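To start, the structure itself, in structure tokens.
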Amino acid sequence: MAVTGRPGTARRAPGGTTASMVSRLGALASSGGRSLLRRRFAITLTLVLLATAWIIQQVLTAGSLVTFDYTVHYLRLDLRYPHIYDAMFYLVMIGQRGPTLIPALIIIAILAWRRRSWRPLLVLGFALLALNVVVGGAKFYTARLAPYDNTAALYAGGTIFPSGHASNVIVTWGIVVYALMRYGPLRHAWPGAALTTLASLIVGVASIYLDTHWFSDIIAGWLIGVAILMATVAVDRRRPLRSETAADVAPGTGDFPTATGAVAEPSESGVSSGVTARR
């Protein structure tokens, strides 16, 4: 049967326009979702940094937070509840570098070997380097004395602010969870995030109970750990994985993923034809 129509043109298949619209809507939804996540990420990181700055200001100026530090210190929880001292002494080890770094290195090394890439190890190395520089620099600058010195004096030769245990457990455990999702088989973040949160809370409570840190040391350590973890994730996500570059569409190419996962090729006029091969 002859097809009538304007000379020199071909009639579009009925499904072509629909597929093209779905493709564009899918691309816009994906782009909008990523943009929303970036905004939330930026807002969260900004709030964390502002809270950290406030704590530092309170410590440097002996503000109301330092007064609360003394209030918590004078509770002497270790003397009130001596029967849990041994348990707290061992639980605080969760935040020490050795007990956390060794299993983290093993897990990250396995992921790097399976991916045939140094990238997981570089991510961990970047996070630990940032942790040492930031926390170590703050300890050296403030030189704050510990609670067992009965004074929160600054510039007195101490190395207590912020808490390295509190920040280390968040950074190290958090990077392991992130790497298992990014480079490994983990598909849901909440179990690892819950475990990391629980571990950080245990370290904080144990440190306060043992009177080895001021309350503000712990809070600052947590916030700095979260900030370093988020910054590390942001740096790593700036460079997509090979699997992501193969699946995602390069910006500016005009290709849009269709509802079936195929890519609609742009026509000469710049409009997607919506023609996909049937399987």
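The values are calculated or read from the model by the stated rules, or taken from the named source; none is laboratory data. In this text, all values refer to a predicted model and were calculated from it rather than measured experimentally. When we count neighbours, we look across all protein chains shown, and the Cβ atoms used for this are built from the backbone with ideal geometry, even at glycine.
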Note: among LEU49, LEU77, just one is touching a helix residue (DSSP H, G or I) at 6+ places or on another chain (Cβ under 7 Å), closer than 12 Å to LEU223 by Cβ and not small (Gly, Ala, Ser), namely LEU49
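Just to check your reading of the model, which residue among ARG187, ARG114 is of a type in the set (D, E, K, R), farther than 26 Å from ASP78 by Cβ and either free of Cβ contacts under 8 Å to residues at least 12 places away in the same chain or touching a helix residue (DSSP H, G or I) at 6+ places or on another chain (Cβ under 7 Å) (or both)?
Result of the check over ARG187, ARG114: ARG187.
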Picking from ARG119, ARG76, the residue that is on the phi < 0 side of the Ramachandran plot and either in contact (Cβ under 8 Å) with a residue 24 or more places away in the chain or not hydroxyl-bearing (Ser, Thr, Tyr) (or both) would be ARG119
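Just to be sure before I move on: is ARG34 at pLDDT below 95, surrounded by 12 or more Cβ atoms within 10 Å (Cβ to Cβ) and among the charged types (D, E, K, R) in the structure I sent?
Against the criterion (at pLDDT below 95, surrounded by 12 or more Cβ atoms within 10 Å (Cβ to Cβ) and among the charged types (D, E, K, R)), ARG34 does not qualify.
Conditions (1) modelled with pLDDT of 95 or more; (2) crowded, with 19+ Cβ neighbours inside 10 Å, marked per residue:
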residue: TYR183; (1), (2): no, yes
residue: ILE202; (1), (2): yes, no
residue: ILE208; (1), (2): yes, yes
residue: ARG237; (1), (2): no, no
residue: VAL271; (1), (2): no, no
residue: ARG279; (1), (2): no, no
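Being more than 21 Å from ALA206 (Cα to Cα) and surrounded by fewer than 12 Cβ atoms within 10 Å (Cβ to Cβ) narrows it down to one of LEU79, LEU50, so name that one.
Working: LEU79 fails: more than 21 Å from ALA206 (Cα to Cα).
Of LEU79, LEU50, the one residue that is more than 21 Å from ALA206 (Cα to Cα) and surrounded by fewer than 12 Cβ atoms within 10 Å (Cβ to Cβ) is LEU50.
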_For region 135-158, check the following and say yes or no: at least one residue is closer than 20 Å to ILE219 by Cα, crowded, with 24+ Cβ neighbours inside 10 Å and under 16 Å from the mean Cα position of the chain (by Cα)._
no
